[in-house]
Amino acid sequence: MNIQKENPISVRSKKWLTDSLFELMKEKPYDKISIREIAEKADLTRQTFYHNFASKEMILMYRSDQLFEEFYEFAKKNKMKSVQDLIVFYFRYWQEHADFIQVLIDNNVEYILTHRYPEYIKMVKILNVEGVLTDAQQEYVYAFYSGSLIYMLCKWIEQGMECSPKEMARIVQGILDGEFF
């Protein structure tokens, strides 16, 4: 397998562009931020922006992917013993990165997460659907779980994370077990 390392200059440029967009999103609405502003704030050219990203949305997806990859690597290394453990860690992890989610919420772009989460759920392999359901049915299951987790996460952060990650995991587990029906 031939694994190529990403160009360090590109890695640095992506970081600067990502940081710049998030700084700008704290100052003004996402839909009012231009590519030019992001590039200028990063002290880079528009050409460098387009060399690294096709759009502002791609920056948000890039950052989301980075954070999920970090989450995934930790989950793999720590061999979560149960879905409950994984869900506790999920909320604990995002508690540490709540500023990212809050900026998305404040700018009405949390929908970015919905593009990626079904793939993230597949990677973690917490659902036992392969061979049990058709491919189409599996997609519905991934959509259901990812949508539920995204909206619970956003609601939790919007409400100031009043419940602990363990309490959130208990709620999720209760939903999965049908406790509230």
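Sub-7 Å Cβ pairs linking a first residue in the range 151-168 that is farther than 15 Å from Phe100 by Cα to a second residue that is surrounded by 13 or more Cβ atoms within 10 Å (Cβ to Cβ) and not aliphatic (A, V, I, L, M), at least 6 apart or interchain, are Cys163/Trp156; Pro165/Phe91; Pro165/Arg92; Pro165/Gln95; Met168/Phe91; Met168/Trp156, ordered by first then second residue. The requirement of being surrounded by fewer than 16 Cβ atoms within 10 Å (Cβ to Cβ), in the same structural domain as Trp156 (by TED's automatic domain parsing), closer than 27 Å to Gly160 by Cα and in contact (Cβ under 8 Å) with a residue 24 or more places away in the chain is not satisfied by Asp99. Does the range 26-47 include one or more residues that are farther than 22 Å from Met161 by Cβ, hydroxyl-bearing (Ser, Thr, Tyr) and either surrounded by 16 or more Cβ atoms within 10 Å (Cβ to Cβ) or not assigned by TED's automatic domain parsing to the domain that holds Val11 (or both)? Within the range 26-47, one or more residues are farther than 22 Å from Met161 by Cβ, hydroxyl-bearing (Ser, Thr, Tyr) and either surrounded by 16 or more Cβ atoms within 10 Å (Cβ to Cβ) or not assigned by TED's automatic domain parsing to the domain that holds Val11 (or both).
Looking at Lys122, is it at pLDDT below 80, crowded, with 16+ Cβ neighbours inside 10 Å and not β-branched (Val, Ile, Thr)?
Details: at pLDDT below 80: yes; crowded, with 16+ Cβ neighbours inside 10 Å: yes; not β-branched (Val, Ile, Thr): yes.
Criteria met by Lys122.
Among the conditions (1) of a type outside the set (S, T, N, Q); (2) in contact with a Pro (Cβ under 6 Å, 6 or more places away or on another chain); (3) at pLDDT 90 or above, Ile105 misses just one, which is (2). Filtered by the rule that a residue be over 15 Å from the mean Cα position of the chain (by Cα), at pLDDT 75 or above and not polar (S, T, N, Q), the range 77-90 gives Lys77, Val83, Asp85, Leu86, Val88.
Residue-wise test of (1) modelled with pLDDT under 95; (2) not in a helix (DSSP H, G or I).
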| position | (1), (2) |
| --- | --- |
| Ile3 | yes, yes |
| Ser13 | no, no |
| Glu37 | no, no |
| Leu44 | no, yes |
| Gln47 | no, no |
| His51 | no, no |
| Ala75 | yes, no |
| Tyr93 | yes, no |
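Restricting the range 102-119 to residues that are hydroxyl-bearing (Ser, Thr, Tyr) and touching a residue at least 12 places away in the same chain (Cβ under 8 Å), which is surrounded by the fewest Cβ atoms within 10 Å (Cβ to Cβ)? Write out each step before concluding.
Here is the first cut: in the range 102-119, the residues hydroxyl-bearing (Ser, Thr, Tyr) are 111, 114, 117.
Right, trim to touching a residue at least 12 places away in the same chain (Cβ under 8 Å) and you get 114, 117.
On the way: Thr114: 13, Tyr117: 21.
That would be Thr114.
Could you look through the range 48-57, keep only residues that are within 21 Å of the chain's Cα centre (by Cα) and surrounded by fewer than 15 Cβ atoms within 10 Å (Cβ to Cβ), and pick out the one that is nearest to Ile112 (Cα to Cα)? My answer is Glu57.
When you look at Glu162, is it charged (D, E, K, R) and modelled with pLDDT of 95 or more, yes or no? Break it down into steps so the answer makes sense when it comes.
Numbers: charged (D, E, K, R): yes; modelled with pLDDT of 95 or more: yes.
Yes; evaluated as a whole, the condition is true for this residue.
The values are calculated or read from the model by the stated rules, or taken from the named source; none is laboratory data. Bear in mind that the values here come from a model prediction, so they are computed numbers and not experimental data. Cβ: placed from backbone, ideal geometry, glycine included. Neighbour counts: every protein chain shown.
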